[in-house]
Amino acid sequence: MRGNGPGLLLAHGAGGGIDANFGPILDELTSRNTVVGPDYPGTGRTPSRGGALSLDGLADALVATAVEEGVESFAIAGYSLGTPVAVR
């Protein structure tokens, strides 16, 4: 979690993580928003929890992370696989 302002939850693509997919624009995003950018289980700094992943499961995990960080109201931005995750 970084920044100040309205909440923004990031959902990254399948082949990367938050740093890989949003890194070049994170400074701009955090200048106006409180950005929550968790990596999916088994990606980036998040350990795998085993088992198959699903869109619903990924969406639930992202929302849970935002709420755990105290950001209960947010927009969501998805990149590649993150787009259907965001729609869920």
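The values are calculated or read from the model by the stated rules, or taken from the named source; none is laboratory data. Since we're looking at a predicted model, the values are computed, not measured. Here Cβ is always computed from backbone atoms with ideal geometry, including for glycine, and neighbour counts include all displayed protein chains. Protein only, heavy atoms only, side chains kept; ligands, DNA and RNA dropped before computing areas. Shrake-Rupley method; radii C 1.70, N 1.55, O 1.52, S 1.80 Å.
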Q. Condition test on G5, is it in contact with a Lys or Arg (Cβ under 7 Å, 6 or more places away or on another chain), open to solvent by less than 70 Å² (accessible area, probe 1.4 Å), free of Cβ contacts under 8 Å to residues at least 60 places away in the same chain and at positive phi?
A. yes
Q.
Being modelled with pLDDT of 95 or more and surrounded by fewer than 15 Cβ atoms within 10 Å (Cβ to Cβ) is the requirement here; does G50 meet it?
A. no
(Q) Looking at region 54-71, I want the residues that are within 16 Å of V87 (Cα to Cα) and open to solvent by 50 Å² or more (accessible area, probe 1.4 Å) and have a partner that is among the aliphatic types (A, V, I, L, M) and in a helix (DSSP H, G or I) with Cβ atoms under 8 Å, at least 6 apart or on another chain. Which pairs are those? (A) L55/V85
Q. Taking T34 and the conditions (1) of a type in the set (S, T, N, Q); (2) at negative phi; (3) open to solvent by 40 Å² or more (accessible area, probe 1.4 Å), which numbered condition does it fall short on, given that it satisfies the others?
A. (3)
Q: Could you look through region 17-28, keep only residues that are free of Cβ contacts under 8 Å to residues at least 40 places away in the same chain and open to solvent by less than 40 Å² (accessible area, probe 1.4 Å), and pick out the one that is nearest to the chain's Cα centre (by Cα)?
A: I18
Q) Given the conditions (1) at pLDDT below 95; (2) over 10 Å from the mean Cα position of the chain (by Cα), and given that E69 satisfies all but one, which numbered condition is not satisfied? A) (1)
Q. Could you say whether any residue in region 33-43 is among the small types (G, A, S) and touching a Gly at 6+ places or on another chain (Cβ under 8 Å)?
A. no
Q. Among the strands (runs of 3 or more DSSP E) confined wholly to the chain, which include 3 or more residues that are of a type in the set (V, I, T)?
A. 34-36
